[in-house]
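Take a look at the structure set out below.
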Amino acid sequence: AQSVTQLDSHVSVSEGTPVLLRCNYSSSYSPSLFWYVQHPNKGLQLLLKYTSAATLVKGINGFEAEFKKSETSFHLTKPSAHMSDAAEYFCVVRENTGFQKLVFGTGTRLLVSP
Amino acid sequence: GAVVSQHPSWVICKSGTSVKIECRSLDFQATTMFWYRQFPKQSLMLMATSNEGSKATYEQGVEKDKFLINHASLTLSTLTVTSAHPEDSSFYICSAGRDRGYEQYFGPGTRLTVT
């Protein structure tokens, strides 16, 4: 079965400093990986996705992630945090068989201080 | 494009009553819809997968008689929580997809509070 592990439940940064949210995956097949963001009491917004094309994936709002097969990682980064980035971030792997189920990580709460 | 709506966005009901949540794909035909549940400060857990015109497939541990899912058309799926209890209070999120869910689009969620 496929799974993802988000290594940090909370990450705190200052506005203007880099953001790193860590995610490791486990998959028997070539995975499809996603990062979603969820603001309080809101639905999910897709930040970016990896589907076996370029290993460095650029997303919305300045976020990017790099797929590293040797490390089974898909870490999310942003060069400079903004106050509006404060939210919950989910790393997700998709089962590329059958009904294409999504398996969510436990989430990382990003806190941004002024 | 690819907009998914949910109705209602927030509902309060009394213990023992049933509540229905709608999930609609507004600008595309969704062959597959997924229902998730999210407890406060936790991740999303898949409850069930439904294909238009067929019975839903429930994840292990999800009571199919309690959480009734109907995917009656290519744009509408409903989740009915029957005989709701306070422990059913949660955030319910649907997603709609084409091609058995290859591309999934999420609704804004419905917060259910059972008193």
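Just so you know, all these numbers are worked out from the coordinates, no wet-lab data involved. Keep in mind the model is a prediction, meaning the values are calculated, not measured. Methodologically, a virtual Cβ is constructed for each residue, glycine included, from the backbone with ideal geometry; neighbour enumeration extends over all protein chains shown.
Annotations for the structure displayed:
- For chain A, a simple Cβ point-charge model (Lys and Arg +1, Asp and Glu -1, everything else neutral) yields a dipole of about 240 debye relative to the Cα centre.
- Averaged over A:45-55, number of beta-carbon atoms from partner chains that fall within 10 Å: 1
- Taken over chain B, the ratio of Cα radius of gyration to 2.2 N^0.38 Å equals 0.98.
- Listed residue (B:SER83, B:GLN42, B:VAL62) projecting farthest to the positive dipole end of chain B, Cβ model: B:SER83
- Selected from B:THR31, B:GLN6, B:PHE106, residue furthest toward positive end of dipole (chain B; charges at beta carbon): B:GLN6
- A simple charge model with +1 on the Cβ of Lys and Arg, -1 on the Cβ of Asp and Glu and nothing else charged puts the dipole of chain B at about 180 debye relative to its Cα centre.
- Solution diffusion estimate, µm²/s, Stokes-Einstein, the protein assembly as shown, Kirkwood Rh from C-alpha pairs, 10 °C, viscosity 1.306 mPa s: 87
- For segment B:1-110: relative contact order, % (alpha-carbon pairs under 8 angstrom, 6 or more apart): 36
- Contact order relative to length of segment A:28-93, as percent, for alpha carbon pairs under 8 angstrom and 6 or more apart: 36
- Choice from B:SER25, B:SER90, B:SER50 showing the highest fluctuation, given a GNM over chain B with Cα pairs closer than 10 Å: B:SER90
- Pairs of Lys residues in the protein assembly as shown that lie 8 or more places apart, or on two chains, and have C-alpha atoms under 16 angstrom apart add up to 13.
- From most to least packed by mean Cβ count within 10 Å, the peptides A:64-70, A:17-23 give A:17-23, A:64-70.
- Remark: relative contact order (chain A) = 37 percent; criterion is Cα-Cα distance under 8 angstrom and separation of 6 or more residues.
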